[in-house]
Amino acid sequence: MTRFIRLSLLAAATTALVACGGSGAKIGGGKQGAAQALFEASQPAAQGGNGNLLRALASAADTINAEVEVDCAKSGSVKLKLDLDTNGTGGGTDLSFKYDLEYNSCNEDGVNEFDGKMTMEFKAVSDGFTSAKVELKMKGKIEISGEIDDFLDADVTQTIDVSATNATSGSVTIKLDGKISTGSGSYAYANESITITAGAELPVAEEDDGNS
């Protein structure tokens, strides 16, 4: 009888786990949490690890295989392949490059890894009066594993100061225009400014609120 009760309790616990999805924690913080995840995903491509990414890709722009692999802040890497069909579009103070990004266990916060593919259009913009800006148009889906078990599905443009591309700590204000989806929800941004903390661990969603 005791054995039967134990097996029944185990079966009930397993059923409850499956009903709730059986997965790890999701990204918390709503729109701000999703924005922080996007910013971290953009950092390896934006700063290029050693800051020489753009020069390296520009010098390789006329080669058959303009491809560079850069290290992420903690571990892993991102492979960037220049889209030769759209290389160097724009003119004057605006110049854009489009890349295919492949994330390989890219760890930016020390506890979570990114895997998957995105495209990114990098555009440097200056109005001649304020500090130079960088527009990063990102589209694609990456999986997140570690403390968080989630995904980041983005079709959004992120605008930041050039100085923020090398930020590893402190507050950073980014402007987003587009849509980001995670396991916690889908969020629309209309040229919305959000302040996040560079280098911080991704926020974890709170305990189940009844949506199991």
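The table below lists the values:
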item: Condition broken by residue 21, with the remaining ones in (1) crowded, with 21+ Cβ neighbours inside 10 Å; (2) at pLDDT below 90; (3) closer than 18 Å to residue 182 by Cα satisfied; result: (1)
item: Residue 153 being within 17 Å of residue 34 (Cβ to Cβ), of a type in the set (D, E, K, R), more than 13 Å from the chain's Cα centre (by Cα) and open to solvent by less than 70 Å² (accessible area, probe 1.4 Å); result: no
item: Criterion violated by residue 210 - all others in (1) under 26 Å from residue 124 (Cβ atoms); (2) open to solvent by 40 Å² or more (accessible area, probe 1.4 Å); (3) at pLDDT below 95 satisfied; result: (1)
item: Selection count where residues are crowded, with 19+ Cβ neighbours inside 10 Å and under 10 Å from the mean Cα position of the chain (by Cα), scope the range 133-150; result: 3
item: Meets criteria (modelled with pLDDT of 95 or more and buried (at least 19 other Cβ atoms within 10 Å of the Cβ)) for residue 68; result: no
item: Meets criteria (among the hydroxyl-bearing types (Ser, Thr, Tyr), open to solvent by 30 Å² or more (accessible area, probe 1.4 Å), at pLDDT 85 or above and out of contact with any Phe, Trp or Tyr (no Cβ under 6 Å at 6 or more places or on another chain)) for residue 75; result: yes
item: Segments classed as strands (runs of 3 or more DSSP E), wholly inside the range 103-191, with at least 1 members that are aromatic (Phe, Trp, Tyr) and touching a strand residue (DSSP E or B) at 6+ places or on another chain (Cβ under 9 Å); result: 112-125, 150-161
item: Qualifying residue in the range 198-207 (condition: among the small types (Gly, Ala, Ser), closer than 17 Å to residue 46 by Cα, open to solvent by 30 Å² or more (accessible area, probe 1.4 Å) and at pLDDT 85 or above); result: yes
item: Boolean, residue 100 is farther than 13 Å from residue 180 by Cα, without any contact (Cβ under 8 Å) to a residue 24 or more places away in the chain, part of a strand (DSSP E or B) and open to solvent by 20 Å² or more (accessible area, probe 1.4 Å); result: yes
item: Any hit, the range 157-178, residues being of a type outside the set (Phe, Trp, Tyr), open to solvent by 70 Å² or more (accessible area, probe 1.4 Å) and within 14 Å of the chain's Cα centre (by Cα); result: no
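The values are calculated or read from the model by the stated rules, or taken from the named source; none is laboratory data. Not measured: the values here are computed from a predicted model. All Cβ positions, even for glycine, are placed from backbone atoms using ideal geometry, and neighbour counts span all protein chains on display. All accessible areas refer to the heavy atoms of the entire protein, side chains included, with ligands and DNA or RNA removed. Shrake-Rupley method; radii C 1.70, N 1.55, O 1.52, S 1.80 Å.
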